[in-house]
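Report on the structure given below.
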Amino acid sequence: MGVFDWPIKLASLDGERSLQLDAMVDTGSSYTIVPEGLLKSLGIAPTEKVGLTLADGRRVVWDVGEARATVDGRSTVTWVVFGEDGAHPLLGAYTLEGLRMSVNPWKHTLIPMPYGWA
């Protein structure tokens, strides 16, 4: 499929703080992963921990919290993982499903899924 970046807006659940960033679309990643410092700057607090196996094979336990994600006018509350500072943000499958967005692998774009289609 290849990888590509896509703009995403992340916001605190109260909507008071937000940021726009480019995230690598990664359908192989279950969760959206954002550098810890960026999430903390939004006031997003960890609510639990999640165990993950990273692409390089490392097994880690990282904090997870909730944020509002908006892509192309579609918005959802989603889990976000507190990743390593300096790492490139990943837009994962859980968030894409919540946004009802799918990947067009030929054009390297995100496209809306019609309602009722999974």
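Identify all aspartates and glutamates with a Cα-Cα distance to K40 below 16 Å; exclude those on the same chain that are fewer than 8 residues away in sequence.
D14, E16, E48, D63, E66, E84, D85
Could you work out the relative contact order of the chain? I mean the mean sequence separation of Cα pairs under 8 Å and 6+ apart, divided by the number of residues, in percent.
30 percent
Straight-line reach only, C-alpha to C-alpha below 24 angstrom: list the lysines that K107 could link to, leaving out same-chain residues fewer than 8 apart.
List returned: K9.
How much length would be gained if the chain were fully extended between L21 and T70, taking 0.36 nm per residue of separation minus their Cα-Cα distance, in nm to one decimal?
Gain in length upon complete extension: 16.6 nm.
Can you list the HN-Hα couplings for region 3-9, worked out from phi with the Karplus curve (6.51, -1.76, 1.60; θ = phi - 60°), rounded to whole Hz and with x for Gly and Pro?
After applying 6.51 cos²θ - 1.76 cosθ + 1.60, I find 10, 7, 8, 9, x, 9, 9 Hz.
Only residues of region 35-68 count here: report those whose backbone N is under 20 Å from the spot 7 Å along Cα→Cβ of M113, or say none.
Counting only backbone N, you get 67-68.
Using the Kirkwood radius built from alpha carbon pairs, what does the Stokes-Einstein equation give as D for region 43-118 at 10 °C and 1.306 mPa s, in µm² per second?
Diffusion coefficient, whole number: 113 µm²/s.
Quick note: the coordinates plus some simple rules give every number you see, no bench work behind them. Predicted model only: the values in this text are computed from it and were never measured. Note that we place each Cβ from the backbone using ideal geometry, even for glycine, and neighbour counts take in every protein chain shown.
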